[in-house]
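Here's the structure we're looking at; comments come further down.
The values are calculated or read from the model by the stated rules, or taken from the named source; none is laboratory data. All values derive from a computational prediction rather than experimental measurement. Backbone-built Cβ (ideal geometry, glycine too); neighbour counts: all protein chains shown.
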Amino acid sequence: MPSSLLLFAQNADEGLLKRAVPPSLWPGQVAPLVWDGATFAVALPQNILHDALEILPCFSLVDSGAWAYQFTLQYTTQAGHQGRTALAPIGAFMQAESNNKEGPVEAAIDILQIREPLQMANLHLNVQGINPQAPALLAVSIRDQDAVCETLSGGQGIAIDVPPRSQMVLRPELASHVCSPTSVAMLLDHYDRSADIYDLIAEVCHQPSGLHGVWPANIRAAAQRGLLGYLLHFPSWDTARALLDEGFPIVASVRYKEGELSDAAIPRTKGHLLVVRGYAGDKILVNDPAAATDAEVVRAYDLREFCRIWLERNAVGYVLFALDD
């Protein structure tokens with residue numbers, strides 16, 4: 001299996017979580033999220049870890065307060081090298097550990113990239129300012145090979161109603177940098193939790209990097225407005241289709257060169273986020289915030305082309321859902 005998913009939760013309905021996770025990746029159960037003071041630690045399963053290429057953890061807590069967190073990974077490689085790597089903090093986390101951008105495990109802001117096979121690893125979540133009774137979800141996506149672009153079939157098709165928003169109508173100094181919060185804003189609209197777009201943009205701005213597209217920072221902003229969420233390496237189109245069939249839109253992270261995506265809102269991108277809201281035949285239905293106007297955001301792209309620029313690249317997507325869904 002190209003991807004595995006571990007889930008830990010508190011005060012969240014397991015039936016809802018099961019609906020919001022593709023059946024092929026459902027871990028069988030959701031483990032309890034039990035705090036040891038301001039920390040939570042988990043030993044990653046060795047049978048999953050040995051072939052891991054990337055580890056993508058994400059924490060979501062439904063609370064409007066100014067909570068913050070940081071993940072660190074303590075590991076031993078199969079060659080016997082030991083180390084500790086910290087991801088960039090999310091929120092105003094005080095006394096954060098510095099990122100380690102070199103070594104067997106490299107921290108690329110929000111994802112851990114494995115350069116040397118691991119023997120064991122413990123993932124630590126350190127939190128500040130959280131309500132320990134608030135609904136929360138810790139998800140760990142582990143990728144061990146590239147996603148599969150299998151023979152694509154659209155099935156019966158589905159179109160989820162997600163109100164469109166264009167990032168290009170925003171202030172010029174922001175317009176080309178805020179595809180991620182604009183995509184999150186569309187899902188907040190979909191779940192009747194609309195937010196002022198400029199407030200949302202300010203909140204997702206990741207202070208250590210200055211970027212607006214840091215994946216877990218956007219998940220955090222959605223959680224502060226009532227949506228639980230997680231990040232996932234999507235291993236196949238069937239995995240994404242299963243979520244769409246359940247009514248869950250996906251924020252997909254794509255990149256492509258000119259000519260790789262027909263009729264694209266922008267001709268090329270080194271990294272872009274948009275909302276996948278359905279499919280019909282050989283088309284994938286999206287809300288692409290890079291379109292020039294709100295009216296042009298609703299688009300249909302070639303399904304095979306889209307799967308190549310998504311699943312054959314980083315294959316990452318955000319899944320957001322309401323507790324009362």
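Would you confirm, using the coordinates I've provided, whether residue 261 is more than 18 Å from residue 243 (Cβ to Cβ) and touching a helix residue (DSSP H, G or I) at 6+ places or on another chain (Cβ under 6 Å)?
Details: more than 18 Å from residue 243 (Cβ to Cβ): yes; touching a helix residue (DSSP H, G or I) at 6+ places or on another chain (Cβ under 6 Å): yes.
Against the criterion (more than 18 Å from residue 243 (Cβ to Cβ) and touching a helix residue (DSSP H, G or I) at 6+ places or on another chain (Cβ under 6 Å)), residue 261 qualifies.
Would you mind telling me which numbered condition in (1) at pLDDT below 95; (2) assigned by TED's automatic domain parsing to the domain that holds residue 251 residue 149 fails?
Result: residue 149 passes all but (2).
Being assigned to a strand (DSSP E or B) and among the small types (Gly, Ala, Ser) is the filter here, so list the residues in segment 219-275 that pass it.
In the first step, residues of segment 219-275 are kept if they are assigned to a strand (DSSP E or B); the result is 227-233, 236, 250-256, 269-275.
229, 236, 252, 253, 271, listed by residue number.
Looking for whichever is farther than 16 Å from residue 206 by Cβ, touching a residue at least 24 places away in the same chain (Cβ under 8 Å) and buried (at least 16 other Cβ atoms within 10 Å of the Cβ) here; the options are 129, 91. Which one fits? Please lay out each step first, then the result.
Details: 91 fails: farther than 16 Å from residue 206 by Cβ.
On inspection, the qualifying residue turns out to be 129.
When residues of segment 85-132 are filtered for being closer than 16 Å to residue 50 by Cβ and over 19 Å from the mean Cα position of the chain (by Cα), how many remain?
10
From 92, 88, 79, grab the single residue that is part of a loop (DSSP other than H, G, I, E, B) and closer than 19 Å to residue 230 by Cα. Step through it out loud before you land on a result.
Working: 92 fails: closer than 19 Å to residue 230 by Cα; 79 fails: closer than 19 Å to residue 230 by Cα.
Of 92, 88, 79, the one residue that is part of a loop (DSSP other than H, G, I, E, B) and closer than 19 Å to residue 230 by Cα is 88.
With respect to residue 64, is the statement that it is within 23 Å of residue 127 (Cβ to Cβ), in contact (Cβ under 8 Å) with a residue 40 or more places away in the chain and surrounded by fewer than 19 Cβ atoms within 10 Å (Cβ to Cβ) true? Explain how you work it out, then say what you get.
Working: within 23 Å of residue 127 (Cβ to Cβ): yes; in contact (Cβ under 8 Å) with a residue 40 or more places away in the chain: yes; surrounded by fewer than 19 Cβ atoms within 10 Å (Cβ to Cβ): yes.
In short, yes.
Check whether at least one residue in segment 70-81 is within 25 Å of residue 315 (Cα to Cα) and in contact with a Phe, Trp or Tyr (Cβ under 9 Å, 6 or more places away or on another chain), and report yes or no.
Yes, segment 70-81 contains a residue that is within 25 Å of residue 315 (Cα to Cα) and in contact with a Phe, Trp or Tyr (Cβ under 9 Å, 6 or more places away or on another chain).
In segment 187-202, how many are over 17 Å from residue 320 (Cα atoms) and buried (at least 18 other Cβ atoms within 10 Å of the Cβ)?
So in segment 187-202, the residues over 17 Å from residue 320 (Cα atoms) come out as 196-199, 201-202.
Filter again for buried (at least 18 other Cβ atoms within 10 Å of the Cβ), leaving 197, 201.
The qualifying residues number 2.
Among what's in segment 46-68 and is of a type outside the set (D, E, K, R) and part of a loop (DSSP other than H, G, I, E, B), pick the residue that is farthest from residue 91 (Cα to Cα). Working first, answer last.
Here is the first cut: in segment 46-68, the ones of a type outside the set (D, E, K, R) are 46-50, 52-53, 55-62, 64-68.
Next, only the ones that are part of a loop (DSSP other than H, G, I, E, B) stay: 50, 52-53, 62, 64-67.
Numbers: 50: 31, 52: 27, 53: 26, 62: 14, 64: 12, 65: 11, 66: 7, 67: 7 Å.
Only one residue tops the list, namely 50.
Can you name the residue in segment 277-305 that is touching a Leu at 6+ places or on another chain (Cβ under 7 Å) and among the β-branched types (Val, Ile, Thr) and, of all such residues, is nearest to residue 158 (Cα to Cα)?
Narrowing segment 277-305 to residues touching a Leu at 6+ places or on another chain (Cβ under 7 Å): 277-279, 282-284, 286-289, 300-301, 303-305.
Okay, now just the ones that are also among the β-branched types (Val, Ile, Thr), so 284, 286.
Working: 284: 10, 286: 12 Å.
The selected residue is 284.
Across segment 285-311, which residue is surrounded by the fewest Cβ atoms within 10 Å (Cβ to Cβ) among those that are closer than 22 Å to residue 235 by Cβ and in contact with a Cys (Cβ under 8 Å, 6 or more places away or on another chain)? Let's see the steps before the verdict.
Step one: filter segment 285-311 for residues closer than 22 Å to residue 235 by Cβ, giving 285-286, 301-311.
Checking which are in contact with a Cys (Cβ under 8 Å, 6 or more places away or on another chain) leaves us with 304, 307-308, 311.
On the way: 304: 13, 307: 22, 308: 16, 311: 26.
Checking each candidate, the answer is 304.
Among 280, 264, 300, 252, which is over 17 Å from residue 160 (Cα atoms) and among the aliphatic types (A, V, I, L, M)? Let's see the steps before the verdict.
On the way: 280 fails: over 17 Å from residue 160 (Cα atoms); 300 fails: over 17 Å from residue 160 (Cα atoms); 252 fails: over 17 Å from residue 160 (Cα atoms).
Every option except 264 fails the conditions.
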